[in-house]
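Each remark here refers to the structure printed beneath this line.
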Amino acid sequence: MIAKLKLRCGAQFTSKLEGMVTDMNLSQDIQSAFAEHVKDKELELDTDLTVQVLTTGFWPTYKSDELNLPKEMLQCIETFKAFYDLRTSHRRLRWVHSLGSATVVGKFTPSGKSKEHDLLVSTYQACILLLFNEADSMTFSDIQGHLNLPAEELKRYVLSLCVGKYKILTKDPAGKEVAPTDKITYNAAFSDRARRIKVPMIAAKITQEEKDATRATVDEDRKHAIEAAIVRIMKTRKSLDHQKLVLEASTQLMRHFKPDPKQIKKRIEDLIHREYLERDPSNPNLYKYLA
């Protein structure tokens, strides 16, 4: 499929997609090598760890954070980092915790009977839950101090565990507003018929900054689509005047989005600058494809 896209749209159109597929394959090899490393060195990890190592340029960008990981997670990450540093000295790991997930075994005593649940949670939710291995209750301010996450972001994760479908923690006072002094407590009486529980997140409010960032990403992706359409047309036609090229490019792209003629003109100019196309010396409105 990628080979067909590459043939029709050009190498630039599929370069990131090819990089993504390569990353996924390499990640599997790295994970297998890490498992062998742990076994050969007879290392004992308290937590099973699966890591996907991806190349920054091929994937969307995500915000970094200064999350303070609990010791159970920190041991695994430091072990993997030491292993990865032995493999390469040219690449630096940057952990994107917002994309992570975890399975936490929760032990509860509903009606005085011991019961376990496998809680499928995000990395942030897991970090919050692991804090309650040390204490049965703590204030929201205490949790923030331990994890070093922004208050607004942390509120979403705490509320998902307190007021969502599965009340693994309780909050005093009850409600969806969170104050620094609110008391968060481990809910020993929690119970559910299912052994494995996927704890859902509370949807975040989209800020204007995030809307602008999304718009910029979409515009960047559309630039590549417009360029691919222009190159595809010119590769077939060899030469074409400006109006016909804009019309044909618009027609091809209309299935995906409505292109702006000004944007098409900018992409043509950029392709001329990069020597994919050239203007006819005797007619500046006529473009020629450079093989």
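The values are calculated or read from the model by the stated rules, or taken from the named source; none is laboratory data. None of these values were measured; they are calculated from a predicted model. Cβ atoms come from the backbone with ideal geometry, glycine included; neighbour counts cover every protein chain shown. When the accessible area is computed, the model is the full protein with side chains, heavy atoms only, and any ligands, DNA or RNA have been set aside. Shrake-Rupley method; radii C 1.70, N 1.55, O 1.52, S 1.80 Å.
Some observations on this one:
- Options 191, 239, 250: the member that is closer than 30 Å to residue 276 by Cα and in contact with a strand residue (DSSP E or B) (Cβ under 7 Å, 6 or more places away or on another chain): 239
- The residue of the range 177-218 that is modelled with the lowest pLDDT, among those that are among the hydroxyl-bearing types (Ser, Thr, Tyr) and outside any strand (DSSP E or B), is 207.
- No other residue among 82, 174 is open to solvent by 20 Å² or more (accessible area, probe 1.4 Å), assigned to a helix (DSSP H, G or I) and not basic (Lys, Arg) apart from 82.
- Yes/no for residue 88 being of a type in the set (Val, Ile, Thr) and either without any contact (Cβ under 8 Å) to a residue 24 or more places away in the chain or more than 26 Å from residue 19 (Cβ to Cβ) (or both): yes
- Close pairs (7 angstrom Cβ cut-off, 6 or more residues apart or separate chains): free of Cβ contacts under 8 Å to residues at least 12 places away in the same chain in the range 269-291, outside any strand (DSSP E or B) and of a type in the set (Val, Ile, Thr) anywhere: 279/272
- Helices (runs of 4 or more DSSP H) contained in the range 98-165 and holding at least 3 residues of a type in the set (D, E, K, R): 151-162
For (1) open to solvent by 40 Å² or more (accessible area, probe 1.4 Å); (2) free of Cβ contacts under 8 Å to residues at least 40 places away in the same chain; (3) farther than 20 Å from residue 199 by Cβ; (4) small (Gly, Ala, Ser), each residue gets a yes or a no:
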{"site": "25", "(1), (2), (3), (4)": "yes, yes, yes, no"}
{"site": "68", "(1), (2), (3), (4)": "yes, no, yes, no"}
{"site": "98", "(1), (2), (3), (4)": "yes, yes, no, yes"}
{"site": "108", "(1), (2), (3), (4)": "no, no, no, no"}
{"site": "115", "(1), (2), (3), (4)": "yes, no, no, no"}
{"site": "126", "(1), (2), (3), (4)": "no, no, no, yes"}
{"site": "136", "(1), (2), (3), (4)": "yes, no, no, no"}
